[in-house]
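Undergrad: Attaching a single structure in structure tokens format; questions to follow.
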Amino acid sequence: MTSGFWHQVRAVAHRDLLRERRRGDVLWVTIPFGALALLLVPLAIGTDAKLLREIGAGMYWVIVMLFGVLVAVGKASRETQPQQDASSLLGLDPAAGYVGRTASSLILLLAFELAVGAVAVGLYDIDLLGVGWLVLTLVVVALGLALLGTLTASIVNSTSAGTALVPLLVAPLSVPLLLGATQAYDGLRYGHTIVSWVLLMAAVVLVVAMIGVLTARPLQES
Amino acid sequence: MKVQTRVRTWPWVAIAFSLVVALALSLVSPRDDVQGELVRIMYLHVPAAWLAYVAFFITFLGSVAYLLTKHLRWDRLAAASAEIGVFFTGLTLVLGMIWGKSTWGIPWTWDARLTLTAIMFFVYLGYLALRRTTDDQVLRASRAAVLGVLGAVQIPLVHFSVVWWRTLHQPPSILRPDGPAIQDPLMMVTLVTGVVAFTVIYASLMVKRIELLHLEEQLAEIERSTERPVAGEAVVVPELGRNP
Amino acid sequence: MTEWGWVAFAYVVGYVSFLLYAGSIAWRSHKLRRAIERAE
């Protein structure tokens with residue numbers, strides 16, 4: 001991977017983030033939707049403070065898994081066929097395209113996690129334990145979802161099923177991330193070791209990253 | 001050529017003056033017997049909540065007026081008020097959480113009024129998100145107006161449902177998220193001054209926000225009259241096997 | 001946190017966010033006026 005590769009990665013990521021700045025899908029739609037979901041749950045199941053504190057962290061991670069993937073999949077990251085053709089004619093390495101799109105999704109997902117996390121802490125009165133591990137979990141989950149979501153979006157790309165299919169495909173594959181994140185938080189609460197869960201999430205990230213990079217060119221040429 | 005939209009500075013002066021007066025009174029007013037100094041948070045929270053409801057009511061009126069008259073000035077009124085309303089609703093919620101955490105140890109109490117305010121926040125956030133999706137001025141105005149009316153008309157139903165839900169599930173504690181009954185006259189004066197000050201701030205912000213809308217329209221008008229093809233439009237899929 | 005600490009926190013949050021919002025309106029107006037002057 002030459003310096004040209006990383007230059008392309010930066011260019012792609014920059015373009016995606018610029019698109020988000022113009023459209024504002026994440027800021028104006030996905031984040032509010034995630035926050036609203038957090039608001040609706042206690043209306044349905046009860047507002048006992050103790051109950052909410054118990055389920056708060058779990059609810060938060062479920063929302064991140066289900067809604068966060070929309071960030072990676074959003075209209076902003078989809079390109080029309082002529083645009084893709086132009087990219088490949090210009091010599092854009094498909095792997096660089098994948099990494100670049102993943103990078104922009106990662107940044108947007110982190111913003112999503114932080115914004116919705118603030119709402120969760122407020123509504124459910126969640127204790128913020130082990131801030132260092134928490135930050136690490138947020139980053140690893142965001143990375144995993146970004147990798148999974150971007151890869152799945154490329155796979156689904158040319159079919160007419162559209163964006164609704166991608167969350168369905170990503171959700172079961174993101175279970176290790178969900179379990180890792182929730183068990184890590186529980187571990188922090190009850191004093192268990194959480195290294196194994198963090199390693200599990202890291203393994204997910206590595207596996208998906210490898211597959212994403214290796215299949216980028218075959219996918220584009222299909 | 002000069003900018004056509006008039007730029008006024010008195011709103012900023014009015015805002016600065018109101019902020020200073022409100023702040024001074026809040027700091028000078030006496031402490032509460034029950035809540036101590038924390039009652040001063042009320043002097044921000046209550047006027048902000050008042051503004052939130054006023055702003056959304058104006059959005060409703062503006063939306064109705066637009067649907068009846070089709071004059072864009074009503075759409076501008078509705079849009080500006082919705083944005084200011086979203087800001088002050090958000091502020092109300094955040095201040096409410098700070099007050100809740102400091103007074104009761106819990107940021108959110110799920111009482112009817114707080115929950116309703118949160119729901120309203122999302123309704124009008126959606127209104128603003130909708131406006132962002134349409135570039136055409138007239139189309140955007142009519143879509144937003146319908147949503148503005150729908151949202152506002154739904155609010156009483158939402159309010160009723162939430163209040164009913166709350167009365168069935170009253171928390172068995174002494175939580176009184178409404179805040180203390182204000183008995184001290186100086187505290188009442190502070191609160192009322194806060195409400196008046198915030199209303200002045202709302203009106204001033206409306207003037208500037210509508211001005212901003214005018215400027216945006218003016219620029220769009222200029223850009224429309226000097227339109228050039230976008231460079232990227234030159235990239236199309238080549239069609240093979242057809243006569244050029 | 002002390003009571004005054006909470007009060008200060010609330011007021012800082014309130015006033016700073018308001019100034020940012022009002023400032024953004026002023027800033028956007030300023031930018032637009034520049035853009036209009038340039039375009040004409």
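Undergrad: Name every residue in segment B:118-159 that is surrounded by fewer than 18 Cβ atoms within 10 Å (Cβ to Cβ) and of a type in the set (Ser, Thr, Tyr), in order of residue number.
TA: Listed by number, the residues that qualify are B:THR133, B:THR134, B:SER142.
Undergrad: Please specify each residue of segment B:45-75 satisfying the condition of being within 14 Å of chain C (Cβ to nearest Cβ) and under 23 Å from B:GLU216 (Cα atoms).
TA: B:ALA55
Undergrad: Also, I was wondering about something else. If you scan segment B:62-80, which residues turn out to be touching a residue at least 12 places away in the same chain (Cβ under 8 Å) and aliphatic (A, V, I, L, M)?
TA: B:VAL64, B:ALA65, B:LEU67, B:LEU72, B:LEU77, B:ALA78, B:ALA79, B:ALA80
Undergrad: Within segment B:1-33, track down each residue that is modelled with pLDDT under 90 and out of contact with any helix residue (DSSP H, G or I) (no Cβ under 9 Å at 6 or more places or on another chain).
TA: B:THR9, B:ASP33
Undergrad: Another question, if that's okay. What's the total number of residues in segment C:2-40 that are more than 7 Å from chain B (Cβ to nearest Cβ), more than 14 Å from B:VAL7 (Cβ to Cβ) and not aromatic (Phe, Trp, Tyr)?
TA: The total comes to 10.
Undergrad: Somewhere in segment B:124-135, is a residue acidic (Asp, Glu) and within 12 Å of chain A (Cβ to nearest Cβ)?
TA: The first filter runs over segment B:124-135 and keeps only residues acidic (Asp, Glu), leaving B:135.
Subset that is within 12 Å of chain A (Cβ to nearest Cβ): B:135.
Yes, segment B:124-135 contains at least one residue that is acidic (Asp, Glu) and within 12 Å of chain A (Cβ to nearest Cβ).
Undergrad: Provide a single number: the residues in segment B:13-38 that are surrounded by 15 or more Cβ atoms within 10 Å (Cβ to Cβ) and either over 18 Å from B:TRP99 (Cα atoms) or more than 9 Å from every other protein chain (Cβ to nearest Cβ) (or both).
TA: The total comes to 9.
Undergrad: Take the conditions surrounded by fewer than 20 Cβ atoms within 10 Å (Cβ to Cβ), of a type in the set (A, V, I, L, M) and either within 13 Å of another protein chain (Cβ to nearest Cβ) or within 29 Å of A:ALA120 (Cα to Cα) (or both) and apply them to B:ILE84. Does it pass? Steps first, answer last, please.
TA: Values: surrounded by fewer than 20 Cβ atoms within 10 Å (Cβ to Cβ): no; of a type in the set (A, V, I, L, M): yes; either within 13 Å of another protein chain (Cβ to nearest Cβ) or within 29 Å of A:ALA120 (Cα to Cα) (or both): yes.
For B:ILE84, the condition - surrounded by fewer than 20 Cβ atoms within 10 Å (Cβ to Cβ), of a type in the set (A, V, I, L, M) and either within 13 Å of another protein chain (Cβ to nearest Cβ) or within 29 Å of A:ALA120 (Cα to Cα) (or both) - is not met.
Undergrad: A further question follows. In this structure, is A:SER104 modelled with pLDDT under 90, farther than 21 Å from B:GLY90 by Cα and among the polar types (S, T, N, Q)? Don't jump to the end; show me each part of the working.
TA: Details: modelled with pLDDT under 90: no; farther than 21 Å from B:GLY90 by Cα: yes; among the polar types (S, T, N, Q): yes.
When the stated conditions are applied, A:SER104 does not pass them.
Undergrad: What are the residues in segment B:108-118 that are out of contact with any Phe, Trp or Tyr (no Cβ under 9 Å at 6 or more places or on another chain) and either within 7 Å of chain A (Cβ to nearest Cβ) or over 20 Å from A:GLY46 (Cα atoms) (or both), if any?
TA: Step one: of segment B:108-118, the residues out of contact with any Phe, Trp or Tyr (no Cβ under 9 Å at 6 or more places or on another chain) are B:109-111, B:113, B:116.
Selection gives B:TRP110 alone.
Undergrad: Residue by residue through segment B:131-145, note down the ones that are under 20 Å from the mean Cα position of the chain (by Cα) and of a type outside the set (S, T, N, Q).
TA: Those that are under 20 Å from the mean Cα position of the chain (by Cα) and of a type outside the set (S, T, N, Q): B:ARG131, B:ARG132, B:ARG140, B:ALA141, B:ARG143, B:ALA144, B:ALA145.
Undergrad: Check whether at least one residue in segment A:52-60 is under 25 Å from B:ARG132 (Cα atoms) and either within 14 Å of chain B (Cβ to nearest Cβ) or touching a residue at least 12 places away in the same chain (Cβ under 8 Å) (or both), and report yes or no.
TA: Filtering segment A:52-60 down to residues under 25 Å from B:ARG132 (Cα atoms) leaves none.
Checking segment A:52-60: not a single residue is under 25 Å from B:ARG132 (Cα atoms) and either within 14 Å of chain B (Cβ to nearest Cβ) or touching a residue at least 12 places away in the same chain (Cβ under 8 Å) (or both).
The values are calculated or read from the model by the stated rules, or taken from the named source; none is laboratory data. As the structure is a computational prediction, the values presented were derived from the model and not from experiment. Cβ: placed from backbone, ideal geometry, glycine included. Neighbour counts: every protein chain shown.
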